[in-house]
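S.K.: What follows is a single structure, and I will ask about it in a moment.
The values are calculated or read from the model by the stated rules, or taken from the named source; none is laboratory data. These figures come from a predicted structure and were not determined experimentally. Reconstructed Cβ throughout: ideal geometry from the backbone, glycine too, with neighbour counts over all protein chains shown. Only protein heavy atoms, including side chains, enter the accessible area calculation; ligands, DNA and RNA are left aside. Shrake-Rupley method; radii C 1.70, N 1.55, O 1.52, S 1.80 Å.
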Amino acid sequence: MFIGHFGLAMGAKKVNSQISLGTLFMAFQFLDLVWPVMLLSGVEQVAIHPEYTGAIKLEFVHYPFTHSLLGASGWAIGFGGIYWLIKRNLKSAALLALGVVSHWFLDLIVHFPDLPLYPGATVYFGLGGWASTALTVTLELILFVGGIALYLKSVQIRNTTGKVLFWLLIGLLSLIEVSNLVGPPPSSVEVLAWSANLQWILVALAYAVDYNTRTAGEKLHHEYGQSPR
């Protein structure tokens with residue numbers, strides 16, 4: 001699952017337009033933003049299998065701190081708690097916390113049984129959607145395209161810069177998804193981890209996009225010549 005997480009983040013803008021798209025991206029993809037750091041530090045492990053067929057060529061050997069349900073819940077509480085301390089907005093903080101933990105449940109659909117409930121667990125979960133590339137692509141596209149539609153209904157892109165940045169962001173996400181599905185596997189775990197760290201560029205782009213938009217409430221005030229609160 002890749003663009004599905006980002007699609008869900010874009011759709012969440014419809015639920016709460018006060019949160020920047022960059023922050024939503026960070027929350028809904030947070031487990032995979034922390035994961036490459038864990039790989040590089042040796043705390044978590046993954047194996048690359050070029051011989052695998054299907055939508056994934058990775059074996060997630062050990063990642064209990066980022067991808068156990070308990071670990072995801074801990075990151076969710078931390079992320080939401082820090083946001084609340086900064087913004088003092090409980091509704092937004094709760095949505096972001098749900099976004100962090102939603103990552104585990106979306107992964108549950110496509111992963112083979114490799115997701116633990118807690119560090120040290122010996123029972124693993126996963127419904128194995130990755131066994132079917134068609135199913136994986138269909139699910140991801142539903143979430144991604146649906147998220148784009150909801151995002152565009154929630155905001156108005158104010159200028160050409162915003163439009164260029166938005167479609168650049170969508171293009172990059174689509175390109176990465178295609179590369180993940182049909183491209184060669186990473187040559188090493190280190191290459192995989194460092195390339196995964198580049199996801200922060202997507203987060204930065206999302207902040208830039210949102211800077212060049214206004215929300216539905218702001219559009220209404222603008223139409224009536226009033227300043228939004």
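S.K.: Pick from 201, 170, 19: which is most flexible by mean-square fluctuation in a GNM of the chain where alpha carbon atoms under 10 Å apart are linked?
M.R.: With Cα springs under 10 Å in the chain, the top fluctuation among 201, 170, 19 is at 201.
S.K.: List the residue ranges in the chain for DSSP H helices whose C-alpha atoms run 30 angstrom or more along the long axis and whose Kyte-Doolittle average is 0.5 or above.
M.R.: Helices passing the filter in the chain: 90-110, 133-154, 160-182.
S.K.: List the lysines whose Cα lies under 30 Å from the Cα of residue 91, skipping any in the same chain that are fewer than 8 positions away.
M.R.: 13, 14, 153, 163, 219
S.K.: Now a separate question. Send over the semi-axes of the stretch 1-108's equivalent ellipsoid, whole angstrom and largest first, taken as the square roots of 5 times the C-alpha gyration tensor eigenvalues.
M.R.: Details: eigenvalues 149, 50, 20 Å².
Three semi-axes, in Å: 27, 16, 10.
S.K.: Still on this structure, please answer the following. Magnitude of the Cβ-charge dipole of the chain, K/R +1 and D/E -1, about the Cα centre, nearest 20 debye?
M.R.: Values: 12 positive and 12 negative charges, 238 e Å.
With only Lys, Arg, Asp and Glu charged at Cβ, the dipole is about 1140 debye.
S.K.: Once fully extended, how much extra length lies between residue 52 and residue 153, figured as 0.36 nm per residue of separation less the alpha-carbon to alpha-carbon distance?
M.R.: So the chain would gain 32.4 nm between residue 52 and residue 153.
S.K.: Near the amide H of residue 155, under 5 Å away, which other amide H atoms are found, from residues 5 or more places off or on another chain, if H is placed in the peptide plane?
M.R.: none
S.K.: Quote to one decimal, in nm, the extra length available between residue 123 and residue 211 on full extension: 0.36 nm per residue of separation minus the C-alpha distance between them.
M.R.: Residue separation times 0.36 nm, minus the Cα-Cα distance, leaves 27.3 nm.
S.K.: Could you work out how much longer the chain between residue 132 and residue 161 gets when fully extended? Use 0.36 nm per residue separation minus the Cα distance between them, nm to one decimal.
M.R.: 6.6 nm
S.K.: As a check on your grasp of the helix formula, calculate [θ] at 222 nm for the chain: sum -39500 (n - 2.57) over DSSP H runs of n ≥ 4, divide by the residue count, round to the nearest 500. Spell out each step's value before the answer.
M.R.: Details: 11 runs with 152 residues, N = 229.
For the chain, the value works out to -21500 deg cm²/dmol.
S.K.: Looking at the square roots a ≥ b ≥ c of the eigenvalues of the Cα gyration tensor of the stretch 55-174, which shape do they give, rounded for a/c under 1.5, prolate if a/b is larger than b/c, or oblate?
M.R.: oblate
S.K.: Mind grabbing the accessible area of residue 163 for me, 1.4 Å probe, Å², rounded to tens?
M.R.: 110 Å²
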